[in-house]
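Notes for the one structure printed next.
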Amino acid sequence: MRDPRCKKLQLTDLLVSPVQHIMKVPLILKDIQSRTNEPQEKELIAQILEIQENSIRELDDKMRWLKNFERLLEIQRNIVWPSILEMEPKTWVPEFLRVALSRQPCDSLVVSPRRQIIHEGLLQLWDTGKPTETYVILFDDMLLVTRRKKGLSKKKSSLTENWASSCGKNTGVVGSGLETNHRYIVYRQPISLDRFFIHDIGEAENTTAKLDFAFVLVSLNRFQQIVSVHTFQATSDTLKSTWLQKLKATQDKWKRTLQNTVFRGVRSSTDSGQSNVASALLGNISSKTFLRRET
């Protein structure tokens, strides 16, 4: 803006100014309350203060949702879904279907008003016996494993970029501050949170496997058939613990959501089937539990 009254500030800087003023109102009210001797007036100020703090919390929730939604849009813009011809090059496809099957119908899968990003970051994936760098995104209903490639530069976000500094606290969108000028190539397919077991590789197993800070996800389809095994390796024990805690907590929450909606009043067939598969696998491991199921 060229107007000297703007002091070289951009529009987003000016838009966040009312938010900064709103955050100061409770402090002013508390100061007034501390200087007031009349009990009736103190009570009135306390009521106003409570209303004001509730309004700020609601505003903070809305900004947190908006920041999460902007990140979803950003991921979807930069995500690439390989076609079946690319994922399974040995699969024979009739020539007349090649054009129709050259792209995936899930281009808009990521963005949903109710989907939340829980955690995201880099992990090494052991594929074909060697580690490959992957970028893993944990949503509240699925896990997306991607390979990152340099891509389009990030488009500047609007008001939400200034929200954290204005509020003086975390917005809760994990990974929103990471470098985002990348393309995300989806590895295989998304994993539903009710379709895998988590195995933490302990010290005894690590002695022979030489996989420091690693854990395994064993995925099953709805017929209780094991369809994939993902071995992830973090760069530190702290990072590994964070991933395990986020995965287990989010998985438990998603299973409860399914139990209260899709499987309301009956036991989930997924849970019972996974228990049977786990029991079968446990019978083959005498020294240590292979698949650990948190309940």
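Scan the range 181-207 for residues that are part of a strand (DSSP E or B), in contact with a Phe, Trp or Tyr (Cβ under 7 Å, 6 or more places away or on another chain) and either among the aliphatic types (A, V, I, L, M) or open to solvent by 20 Å² or more (accessible area, probe 1.4 Å) (or both) and jot them down.
Once the filter is applied, which keeps residues that are part of a strand (DSSP E or B), in contact with a Phe, Trp or Tyr (Cβ under 7 Å, 6 or more places away or on another chain) and either among the aliphatic types (A, V, I, L, M) or open to solvent by 20 Å² or more (accessible area, probe 1.4 Å) (or both), the range 181-207 yields Val186, Ile198, Asp200.
Provide a single number: the residues in the range 208-229 that are in contact with a Leu (Cβ under 9 Å, 6 or more places away or on another chain), more than 25 Å from Thr257 (Cβ to Cβ) and surrounded by fewer than 18 Cβ atoms within 10 Å (Cβ to Cβ).
1
What's the number of the condition Gln20 fails, among (1) over 20 Å from Arg64 (Cα atoms); (2) surrounded by fewer than 14 Cβ atoms within 10 Å (Cβ to Cβ)?
(1)
Picking from Ser34, Ser83, which residue would you name as being free of Cβ contacts under 8 Å to residues at least 12 places away in the same chain and among the hydroxyl-bearing types (Ser, Thr, Tyr)?
Being free of Cβ contacts under 8 Å to residues at least 12 places away in the same chain and among the hydroxyl-bearing types (Ser, Thr, Tyr) holds for just one of Ser34, Ser83, which is Ser34.
Go through the residues of the range 34-53 one by one and say whether even a single one is closer than 30 Å to His119 by Cβ, at pLDDT 90 or above and assigned to a helix (DSSP H, G or I).
yes
The values are calculated or read from the model by the stated rules, or taken from the named source; none is laboratory data. None of the values given here were measured: they were computed from a predicted structure. Please note: Cβ atoms are built from the backbone with ideal geometry, for glycine as well, and neighbour counts cover all protein chains shown. Calculation scope for accessible area: heavy atoms of the full protein, side chains included, ligands and nucleic acids excluded. Shrake-Rupley method; radii C 1.70, N 1.55, O 1.52, S 1.80 Å.
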